[in-house]
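These notes concern the structure reproduced below.
The values are calculated or read from the model by the stated rules, or taken from the named source; none is laboratory data. Everything numeric here is computed off the predicted structure, so don't read it as measured data. Positions of Cβ are backbone-derived with ideal geometry, glycine not excepted, and every protein chain shown enters the neighbour counts.
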Amino acid sequence: MHVLIVQNFDGAGPGQVEAALTEAGARMDLRQPYRGDPLPGNAAGHDALLVLGGAQSALDDEDHPYIPPLLSLMRDFGDRDRSVLGICLGSQLLARAYGGKNLLGAAPEFGWQGIAKTAEGAADPVLGAVPEEFRSFQWHDDTFTLPPGAVRLATNPAAQNQAFRIGRASYGIQFHFEADRLLVDHWTGAYADYLAEHQPDWGERREREAAAHGPSADAAGLVLARAWVATIPQGAAASTAAV
């Protein structure tokens, strides 16, 4: 199992998804295109694609010219029936790649927030693995409209499209289920100046919210990560040359 991981921002690593991939014995190919790493021209050399979060918007082509090629790459993975997972910014990019409209600043959320599965989510092989209602860490301002043909899997009052699926296994998940409490602690320290300005009560809230919601959110996140890894076709890239 060979998985391409696209990281879009310092510190925004794969977290619990990496743990699930390691359990499955996956080989991971991490690229940081915001630092100049090249992206493959197509999906031929990988079995799955994970696109992570970042501070930029899904429309920030001018400052991040790798975004349009990344959109094409996400479509190529999906069109080849290889598993795709976009988290936060990654979900917004996946929505754009398939014709959704990005809505900048329309849905700010921060902290451990409640999420509810839709009926379609309850029947889904990935979202179906978690409870009907659960909490996960959120850190975003933007949202998107559902792409044509996509299935909404989870929702909440702040952002209607918390999770969706296109085809068999192209998943966009707005919430940071990959971020367990350790990763949230890292973000709290790494982005302390930003948080002091934009979330001035976070220092007071964090320990209380982490104690109340962190254990169940961590557990749900690892369940989701393992369920997505289970969708990855075994050896799809073996018969094709890497590009």
For this session: Report yes if some residue within region 45-65 is buried (at least 24 other Cβ atoms within 10 Å of the Cβ), farther than 16 Å from Trp228 by Cα, touching a residue at least 40 places away in the same chain (Cβ under 8 Å) and touching a strand residue (DSSP E or B) at 6+ places or on another chain (Cβ under 6 Å); otherwise report no.
Result: yes
For this session: For Leu21, indicate whether it is among the hydrophobic types (A, V, I, L, M, F, W, C), within 22 Å of Gly105 (Cα to Cα) and in a helix (DSSP H, G or I).
Result: no
Exercise. Assigned to a helix (DSSP H, G or I) and either of a type in the set (A, V, I, L, M) or modelled with pLDDT under 95 (or both) - does that describe any residue in region 50-68?
Worked result: yes
Exercise. Is it fair to say Ala159 is touching a residue at least 24 places away in the same chain (Cβ under 8 Å), surrounded by 20 or more Cβ atoms within 10 Å (Cβ to Cβ), among the small types (Gly, Ala, Ser) and out of contact with any Gly (no Cβ under 8 Å at 6 or more places or on another chain)?
Worked result: yes
For this session: Run Asn102 past the list (1) of a type outside the set (Gly, Ala, Ser); (2) surrounded by fewer than 15 Cβ atoms within 10 Å (Cβ to Cβ); (3) touching a residue at least 24 places away in the same chain (Cβ under 8 Å) and report the number of the one that doesn't hold.
Result: (2)
For this session: Report, by residue number, each residue of region 72-95 that is touching a strand residue (DSSP E or B) at 6+ places or on another chain (Cβ under 7 Å), polar (S, T, N, Q) and assigned to a helix (DSSP H, G or I).
Result: Ser91, Gln92
For this session: From (1) farther than 15 Å from Ile87 by Cα; (2) in a loop (DSSP other than H, G, I, E, B), pick out the condition that doesn't hold for Leu182.
Result: (2)
Exercise. Does region 203-224 hold any residues that are more than 20 Å from Asn156 (Cβ to Cβ) and surrounded by 13 or more Cβ atoms within 10 Å (Cβ to Cβ), and which are they?
Worked result: Arg206, Leu222
For this session: Give me the pairs, please: first residue somewhere in region 198-216 and acidic (Asp, Glu), second residue anywhere and at pLDDT 95 or above, beta-carbon distance under 7 Å, and either six or more positions apart or on two chains.
Result: Glu209/Gly111; Glu209/Trp112
